[in-house]
């Protein structure tokens, strides 16, 4: 094993052991930022999103991007169209920005994000997708102003580190729906939505609950209005995330 890879392997192992033993999430994030430096990355961010369409909610767990870049990123609305986030939704394993740029064609908005990143000076970004229950998806990204090369073993180490820091942050602060009021359901609405979440049709739910299919439909439509969603699947996603079903 080359000396550089040995150092990276050791840094990854040290971080994972520290993460498992440390209860202070702030210290874990600091150690993560320090550890990714051994791999050549100087900035990182971790966050998640849940829901669909206009009901999608986002949350950052941590972020040490340079302030001027982060302010520009948010001011230009890049989060909604960032190709890294879109790519993370269809990937299970870590990927590099340069690989994605070579393999994908982007929308005008997505191309604006990549152009802005290049203009700032970012040379490489690695995305580590995280997929959870229901519609929950997360992404830890690490970035460098210089080109970075990584073999398969080193990517696996970074992935383990990213999963560990994400899980620690999630345990500490949760995802939450801080921009929404609680969705209050009647007992019958809750019954109907639990069976919707289980994949049952209106007719099947009607038989289970001993009510008319039209009544089931009425309750589900009420829930959609309360949740502010256009489909029952979006409503279920929000209710599951909020622990209501």
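Of all residues in segment 20-35, at least one satisfies being closer than 20 Å to residue 121 by Cα and not assigned by TED's automatic domain parsing to the domain that holds residue 225. For residue 78, the conditions (1) in contact with a helix residue (DSSP H, G or I) (Cβ under 7 Å, 6 or more places away or on another chain); (2) modelled with pLDDT of 85 or more; (3) over 30 Å from residue 119 (Cβ atoms) are fulfilled apart from (3).
Quick check, is residue 92 in a helix (DSSP H, G or I), touching a strand residue (DSSP E or B) at 6+ places or on another chain (Cβ under 7 Å), within 29 Å of residue 235 (Cβ to Cβ) and without any contact (Cβ under 8 Å) to a residue 40 or more places away in the chain? For residue 92, the condition - in a helix (DSSP H, G or I), touching a strand residue (DSSP E or B) at 6+ places or on another chain (Cβ under 7 Å), within 29 Å of residue 235 (Cβ to Cβ) and without any contact (Cβ under 8 Å) to a residue 40 or more places away in the chain - is not met.
Would you mind stating whether residue 228 is at pLDDT 75 or above and under 29 Å from the mean Cα position of the chain (by Cα)?
When the stated conditions are applied, residue 228 passes them.
The requirement of being assigned to a helix (DSSP H, G or I) and within 21 Å of residue 172 (Cα to Cα) is fulfilled somewhere in segment 35-47, by at least one residue. Of all residues in segment 98-136, those being in contact with a strand residue (DSSP E or B) (Cβ under 9 Å, 6 or more places away or on another chain), at pLDDT 85 or above and either closer than 24 Å to residue 72 by Cα or not assigned by TED's automatic domain parsing to the domain that holds residue 11 (or both) number 10.
The values are calculated or read from the model by the stated rules, or taken from the named source; none is laboratory data. Remember, predicted model here, so these are calculated numbers, not experimental data. Using ideal geometry, Cβ is built from the backbone for each residue, glycine included, and neighbour counts are taken over all protein chains shown.
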